[in-house]
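Novice: Structure incoming, see below.
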Ligand code: G1P
């Protein structure tokens, strides 16, 4: 078992669910409250103790790299105007960790995206995978909650889970519980986007994973699955026996920022958690 210090963020996708907004703007750069979706995901990782952020990306998404770099032009101009708070707010991004980038040159699926980052992860190193479409509002960062289960299970792989209405199960990876513990489960089955009638439960995987590096052995041999893509889910199944696959329904609210409704819901909820605009936003919502 190793302490988790690295996170892989698969962000090469085209974001076609959110056109036309994402025609030239990466979906990860859409703004929730006052920062892009991807920054919320990186903040969650940094607040969980993760130090290395590995982006699996595409050359069409350079604005993401720019966002996590310093902007000297902006800093100089703000310095002249003595806007100290604003300087702090634009410097914080590149202090969230170290950043590495690897190109996924073909849209072959989530399993393939994670596999593209294999060279950044050590032989016996456990690591996180964070899908930034899902952003989470919680007291304790969701990844940190998964880390507790990783420690409790002495290095088991851990998935973030959420119960969804039965009609929505076919949008997700769905698990079957083997055993229930205090606040987590061991998993005996995992299916990618099953038909409602074939789903083993309505407990689904949301975009948070802590994985054992053995997954790369399985991913390198993984055949195409659902949607003719290489699915992470299909390789996760092979971790069930050893070192064990677990799941936790973490405390927090998850928003699917890859969809219009989820994105608006995220903005309202993040707005309501912001001291500066909370009461005005409440007033505004009451008037609707
Ligand atoms: C991916 C995974 C799926 C998971 C989902 C969570 O699907 O393949 O198992 O439940 O993320 O958001 P995607 O949403 O990329 O199609």
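The numbers here are math on the coordinates, done by the rules we state, and not lab data. Remember, it's a predicted structure, so these values are computed and weren't measured experimentally. Ideal geometry is used to build each Cβ from the backbone, glycine not excepted, and the neighbour counts take in all protein chains shown.
Novice: Compute the label zone of residue 85 within region 53-75: residues whose backbone N is under 20 Å from the point 7 Å along Cα-to-Cβ.
Specialist: 74-75, by backbone N distance to the label point.
Novice: How would 184, 68 line up from fewest to most surrounding beta-carbon atoms within 10 angstrom?
Specialist: Fewest to most other Cβ atoms nearby, the residues stand as 68, 184.
Novice: With the crude spin-label approximation of a point 7 Å out along Cα→Cβ, what separation in nm comes out for residue 119 versus residue 217?
Specialist: Placing both labels 7 Å beyond Cα along the Cβ direction yields 2.3 nm.
Novice: So if the hydrodynamic radius of the chain is defined as the Kirkwood radius over C-alpha pairs, what does Stokes-Einstein give as its diffusion coefficient at 20 °C and 1.002 mPa s, in µm² per second?
Specialist: 108
Novice: Right, another one. In what order do 273, 138 fall by count of nearby beta-carbon atoms within 10 Å, going from fewest to most?
Specialist: Going from least to most buried by this count: 273, 138.
Novice: Express in nm, to one decimal, how much length is gained between residue 63 and residue 226 on full extension, taking 0.36 nm for each residue of separation and deducting their alpha carbon distance.
Specialist: Using 0.36 nm per residue and subtracting the Cα-Cα distance, I get 55.6 nm.
Novice: How much length is gained on full extension from residue 249 to residue 152, taking 0.36 nm per residue of separation minus their Cα-Cα distance?
Specialist: The span from residue 249 to residue 152 would gain 33.4 nm if fully extended.
Novice: While we're on this one: With 10 angstrom as the radius, rank 29, 53 by how many other C-beta atoms surround their C-beta, starting from the fewest.
Specialist: Ascending Cβ contact count within 10 Å gives the list 29, 53.
Novice: A follow-up question, please. Suppose each label sits 7 Å from its Cα in the direction of the beta carbon; what would the residue 102-residue 241 distance come out to in nanometres?
Specialist: Modelled inter-label distance: 2.7 nm.
Novice: Give me the extension gain from residue 2 to residue 167: residue separation times 0.36 nm, minus the current Cα-Cα distance, reported in nm with one decimal.
Specialist: Length difference between fully extended and current span is 55.6 nm.
Novice: Right, something else. Can you grab the distance from the C-alpha centre of region 106-134 to the C-alpha centre of region 136-191, Å, no decimals?
Specialist: 18
Novice: Using only the Cα atoms of region 1-92, build the gyration tensor, take square roots of its eigenvalues as a ≥ b ≥ c, and label the shape rounded, prolate or oblate: rounded if a/c is under 1.5, else prolate if a/b is larger than b/c, else oblate.
Specialist: It comes out oblate by the Cα gyration axes.
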